[in-house]
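J.: The structure is given below, and queries will be raised subsequently.
The values are calculated or read from the model by the stated rules, or taken from the named source; none is laboratory data. Note that the structure is predicted; figures quoted are calculated from it, not measured. Note that each Cβ is placed from the backbone with ideal geometry, even for glycine, and that neighbours are counted across all protein chains shown.
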C-alpha cells in the first residue's frame, strides 16, 4: 500500500473519531444537565417514589436514615437515575445519528421504530412496578413483619435501592419484544424457532424472575407473567414480519419476471 493510500484511509478514520467525540460530548452534556435538574428536584422525586409505600401500608410513611450521608447519597442516586432516564432520548438520538450515515434507507426505516419502542416498553415495565408490584409487595412485607411483632422502620437508602432495582429490572426485561423482534427483522431468529423454543422460554423467564426480583412469589409471578405475554407478542410480531417479507419478495420476483 502506498503512502497516498494510507493517508486516504486515515482521513475517514479521523473524521469518524471526531464525529464520535462530538456525539459523546453531546451525550455527556445532556446527561449532566439532566443530572443537575434531577438533583434540584430530588426531594419531589423522592416524594413520588415513596407513594407506593403509602399505597401499600395505607398510612403515612416515616422513613429513617441510618447513615450521616444517607440523605445526600439518596439525592445523588435519584439524580443519577433521573439523568439516565431523562437523558436517554438525547443519548439514543446521538447514537442513531452516528450510525445512520452507514445505513441504507430501508435500514434506517427499520431501525427507527425500535428506537421509539425502547423507552415506551421501559416505561411500561416501570409503571407495572410503580402502580402494582411495589404496593402489593410492600403490603405483603409489612403484614409479615406485623405478625412477628416487629417494628418496621425502613431506611430511606435501602428503600430507594429496592425501588430502583425493581424499576431497572422490569424496564430492561420489558425490552424482550424489542430485542426479539429486531432479531427477527434482521433474520437471526425465525417464527418457527421462537414457537419451538416456547418451553425453554418459560423456564428462562422464571429463572430471570427469580434472580432479578425479591425472594417472594408475588414479585416473581408479577415479572414472569408479563414477560411470557411479551414473548408471545414477540412471536406473533416476528410471524407478521416474515409474512410481510415473503409478500415483498414475491412481488419483487413477479416484477422481475415481467
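J.: Using the structure shown, decide if residue 176 is under 19 Å from residue 57 (Cα atoms), surrounded by 13 or more Cβ atoms within 10 Å (Cβ to Cβ) and either touching a helix residue (DSSP H, G or I) at 6+ places or on another chain (Cβ under 9 Å) or in contact (Cβ under 8 Å) with a residue 12 or more places away in the chain (or both).
T.: Here the answer is no, as residue 176 does not meet what is asked.
J.: Can I ask one more? Is at least one residue of segment 37-50 closer than 30 Å to residue 116 by Cβ, in a loop (DSSP other than H, G, I, E, B) and out of contact with any strand residue (DSSP E or B) (no Cβ under 6 Å at 6 or more places or on another chain)?
T.: yes
J.: Loosely packed, with under 11 Cβ neighbours inside 10 Å and part of a helix (DSSP H, G or I): does that describe residue 211?
T.: When the stated conditions are applied, residue 211 passes them.
J.: Going by the conditions given, is residue 134 in a helix (DSSP H, G or I), at pLDDT 80 or above, crowded, with 16+ Cβ neighbours inside 10 Å and under 21 Å from the mean Cα position of the chain (by Cα)?
T.: Criteria met by residue 134.
J.: Let me ask another. Filter segment 142-160 for residues that are over 17 Å from residue 212 (Cα atoms) and touching a residue at least 40 places away in the same chain (Cβ under 8 Å) and give the result.
T.: Within segment 142-160, 142, 153, 154, 155, 156, 157 qualify.
J.: So, in segment 139-173, of the ones that are over 26 Å from residue 42 (Cβ atoms) and outside any helix (DSSP H, G or I), which residue ends up modelled with the lowest pLDDT?
T.: Per the criteria, the residue is 148.
J.: Still on this structure, please answer the following. Do you know which residues across segment 52-70 are surrounded by 12 or more Cβ atoms within 10 Å (Cβ to Cβ) and more than 12 Å from residue 159 (Cα to Cα)?
T.: 54, 55, 56, 57, 67
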